[in-house]
Amino acid sequence: MRHGLFVLALAVAFPAMPAELVVHEWGTITSIHAASGQPQGSLNKIDAADVLPDFVHRYEPEQTRHDPARRFAKSPLVPGRPDVTMRLETPVIYFHPPAGGKFEAPIDVTVKFHGGILNEYYPAADAGVDVDYSRIHDKREAGVLPREWNFDILNNYVVGSLKWRGVRIHDTVVAPLTDNPIWLAPREVQAGSVFVPEAGEGERYLFYRGVANLEALLQTRTSSGSVRISAPRVLTWLEAPAVTLPNVWLADIRVDGVVAFREHGPVILPKAKPGAELGSLRRFSEADYKAEGVKLLRASLKRALLAQGLYSDEAEAMLNTWKASYFEKAGLRVFYVVPREWTDYFLPLTVSVPARISRVIVGRIDFAP
């Protein structure tokens, strides 16, 4: 991995936009299910190809730092914690100033992760972890839980946090030099660059990742003919009578690169029926596999991302970032668009200035061999 600095400049004018600051975010939540539907743990043990550049900041609670079995770090070198059942991956936050002008005010940006730890980020931020017992699903637990978290169990009352202070938006910043494609792809967006004066660090975007003990928004059970889907067992985050997952896809990537996929369409999660069966996604016949399948799947995903509010270059950047994991890694997987209600409940984002915020998270379920 090379290290150094280069100037990151905005090469063309900002797109036409409203007078207020526009903030766009995208990311992925990843789960792995057994054929029975059992969520797999130890997801903080990752492949070497998914390791980020050395300049990315890492946060590890002091109480777990020296014991590999307890660490939350994403690494190929840890055994993995059994209670890490979800990875929060590559959320990036872009800032689009008003058209034809600059945004001079410093910005504080705070993000929290209920049920998880935010443990990788750039530029520098204040990182921490706390507890929020108001989020306990089973209120009978409240009387027996310790006043301070002991780091042994990652649960829904654990709250990781990051705060970037005094972020400035510039046309040009000095950003880290890297050849990591995961890091470079999100830079190909026409947005303002961010700079944190206190740290002397800049980039095209704010970046963070994390790990959690949360269930996917779809439960699954896989057979030779179909993948049956059901609602999550915990819907305490949902205030309305129901919420819609706007898009769901089933895709199968073969080792020869040929792809079959099917877009299921929207799926409704009823609050009154946790765990309710929602239907099935039919598996593929040989005729469904097409050489142009990757192109077609990518186009289908991009249409959904645009419908959720991303700009075209942002949608392209997201798909390019996840090219290897989404479209090249062999295996059966489900994609779904995460409703904003889930994102705002488990991953609340606060920006200290008035802004129009769009947040687009794609859920991904891989199936264990």
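What are the extents of the Cα atoms of the chain along their three principal axes, in Å, largest first?
The Cα atoms of the chain stretch 56, 55, 43 Å along the principal axes, largest first.
Hey, what number do you get for the chain at 222 nm if only DSSP H runs of n ≥ 4 count, each worth -39500 (n - 2.57), divided across all residues, to the nearest 500?
Calculated from helices alone, the mean residue ellipticity at 222 nm is -3000 deg cm²/dmol.
Using the number of other C-beta atoms within 10 angstrom as an exposure proxy, rank Glu286, Glu89, Glu263 with the fewest first.
By the 10 Å Cβ count, ascending, the order reads Glu286, Glu263, Glu89.
To the nearest 0.05, what FRET efficiency results for Val234 and Ala34 with a Förster distance of 22 Å applied to their C-beta separation?
The computed FRET efficiency comes out at 0.70.
Can you tell me how much longer the chain between Asp344 and Ala242 gets when fully stretched, taken as 0.36 nm per residue apart minus their C-alpha distance, in nm with one decimal?
On the way: separation 102, 0.36 × 102 = 36.72 nm, distance 1.57 nm.
Gain in length upon complete extension: 35.1 nm.
Given the Cα-Cα distance of Lys163 and Val131 and 0.36 nm per residue of separation, how much length would full extension add, in nm?
9.9 nm
Give the Kirkwood hydrodynamic radius (Å, one decimal) of the stretch 220-369, defined as one over the mean of 1/r across all pairs of different Cα atoms. List each step's numbers first, then the result.
Values: mean 1/r = 0.0601 Å⁻¹.
Across the stretch 220-369, the inverse of the average 1/r is 16.6 Å.
Whole-Hz ³J(HN,Hα) for each residue in the stretch 60-77, computed from phi via Karplus 6.51 cos²θ - 1.76 cosθ + 1.60 with θ = phi - 60°, x for glycine and proline: what do you get?
Karplus-based 3J(HN,Hα) across the stretch 60-77 equals 9, x, 3, 5, 10, 4, 9, 10, x, 6, 9, 6, 8, 4, 7, 6, x, 9 Hz.
Roughly how many Å is it from the Cα centre of the stretch 282-336 to that of the stretch 81-103, as a whole number?
20 Å
Take every Cα pair under 8 Å in the chain that's 6+ residues apart, average their separations, divide by the length, and report that relative contact order as a whole percent.
24 percent
With a Förster radius of 45 Å, plug the Cβ-Cβ distance of Glu188 and Arg70 into 1/(1 + (r/R0)^6) and report the FRET value to the nearest 0.05. Write down the numbers at each step before the final one.
Working: r = 38 Å, r/R0 = 0.84.
According to the calculation, E is roughly 0.75.
Once phi is turned into ³J(HN,Hα) by the Karplus curve 6.51 cos²θ - 1.76 cosθ + 1.60 with θ = phi - 60°, what whole-Hz value does each residue of the stretch 282-289 show in order, with x for glycine and proline?
Values, residue by residue: 5, 5, 9, 9, 4, 5, 7, 7 Hz.
With a Cα-only, solvent-free Debye model of the stretch 178-232, what are the log10 I(q)/I(0) values at q = 0.28 Å⁻¹?
With one equal scatterer per Cα and no solvent, log10 I(q)/I(0) is -1.15.
If each of Asp152 and Gln63 carries a label point 7 Å out from its Cα toward its Cβ, how far apart are those two points in nm?
Reported label-point gap for Asp152 and Gln63 is 1.0 nm.
Excluding residues on the same chain fewer than 8 positions from Lys273, give the lysines whose Cα lies under 26 Å from its Cα.
Lys139
Given H placed on each backbone N at 1.01 Å, which residues far from Ser42 in sequence or on other chains put an amide H within less than 5 Å of it?
Distant-sequence amide H within range of Ser42: Arg81, Asp83, Val84.
According to a simple spin-label model (label point 7 Å from Cα along Cα-to-Cβ), what is the distance in nm between Asp50 and Leu77?
Taking the two extended label points, one gets 1.8 nm.
Residue separation times 0.36 nm, minus the C-alpha to C-alpha distance between Ala105 and Ser285: what's the value?
The span from Ala105 to Ser285 would gain 59.2 nm if fully extended.
What are the ³J(HN,Hα) values, in whole Hz, obtained from phi via the Karplus relation 6.51 cos²θ - 1.76 cosθ + 1.60 with θ = phi - 60°, for each residue of the stretch 154-164 in sequence order, with x given for Gly and Pro?
8, 9, 5, 8, 7, 10, x, 8, 9, 9, 9
Below 9 angstrom from the Cβ of Glu316, what's the summed charge of the other residues (Lys, Arg +1; Asp, Glu -1)?
With Lys, Arg at +1 and Asp, Glu at -1, the net is -2.
List every residue whose amide H lies under 5 Å from the amide H of Leu278, counting only residues 5 or more places away in sequence or on a different chain, with H placed 1.01 Å from N in the peptide plane.
Long-range HN contacts for Leu278: Ile229, Ser230, Ala231.
Every number in this text was worked out from the coordinates using simple rules, so none of it is lab data. Because the structure is a prediction, the values reported are computed rather than measured. Neighbour counts run over all protein chains shown; Cβ positions are idealised from the backbone, glycine included.
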